[in-house]
Amino acid sequence: MPDSARPTDSSRLQRRLLLQAGSGLVLLPWLHSAQAAATDGWPADSRVPGGVARLSLGPAAERPQAFAGDIPLLVLGDAIEWTALVGIPLSAATGAAEIKLQTPSGSRSIPFTVRDKKYSEQRLKVAPKTVDLSAADNTRYERERDHQQQVMATFSTPLPANLQLPVPVPGRRSSSFGLRRVFNGQSRNPHSGMDIAAGTGTPIKAPLDGKIIDVGDYFFNGHTIWMDHGGGFLTMYCHLSATQVREGQTVRAGEVIGKVGATGRVTGPHLHWGVMLNRSMVDPALFLTA
């Protein structure tokens, strides 16, 4: 369906109200229309590389399953209207894309369009040793990468009741998501999180309820915590000076999980904060409450 033919947020709201009135169904308090969702529990709809697509799956008596390739997607809603929350990788090509919807009656594709977005680029001259890894460091990096890929594949229940996030630590945003750095003429992967400058030892608070699924000390990321919020919705906290949680621990929103630091490959103290949906790092700014 072309974008011009898609239902507007207001038309979806009217349809939901009519269906609700006719069916007698009661909506859960956080599951409102797409119009209300921008400020009540949902991330912003931004169909660009590194963004999030909110795709209507229509009504169904039971929660449908949806997939990006073979990766399960977070599906929230109710019998009146289900919505798939799709994390779009920074490496995604622009143009036509699709997800697969699986229902008891069969499967079908739901198309959408990934629009282009130009992220900033930064060119830096640094000491060669900070760019080229030794054989030992590269071996360590590859081992840690394989481990973290297993962490990132986590998909659990219960599903999150809210996807809007307060910033986990106060401070100035020192580097935004998507920034591409070029060191000594060598391009590196785009910045996959949000950097928040804060002094060493500043407490970091969990933005939502969740379960700690990994606590480690990594070559690039330093002391790192991964939190699972359900349905492939994960958050990551890097370069910490201290971690105050353990793997398997359940934490509540607002609890201190660690402290800002400068561990790993960094030039100064800050929090690198990452948000992941369906194994894709996406822009944390889309989830901010303010």
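The values are calculated or read from the model by the stated rules, or taken from the named source; none is laboratory data. What you are looking at is a predicted structure, and each value in this text was computed from that prediction instead of being measured. Remember, those area values only see protein heavy atoms, side chains included, never the ligands or the DNA or RNA. Shrake-Rupley method; radii C 1.70, N 1.55, O 1.52, S 1.80 Å.
The table below lists the values:
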item	result
Solvent-accessible area per residue for the stretch 51-114 (1.4 angstrom probe, square angstrom)	44 Å²
All-pairs alpha carbon distance profile, the stretch 121-286, 5 Å steps from 0, percent	2, 9, 17, 22, 22, 15, 8, 4, 1, 0
The stretch 51-114 - Rg (one decimal) and Dmax (whole number), Cα, Å	11.5, 35
Partners for Lys118 among aspartates and glutamates (Cα-Cα distance below 14 Å; same-chain residues under 8 apart left out)	Asp283
Accessible area of the stretch 121-286 divided out per residue, in Å², using a probe of 1.4 angstrom	46 Å²
Carbon and sulfur %, accessible surface of the stretch 121-286 computed with the full protein complex present, 1.4 Å	48 percent
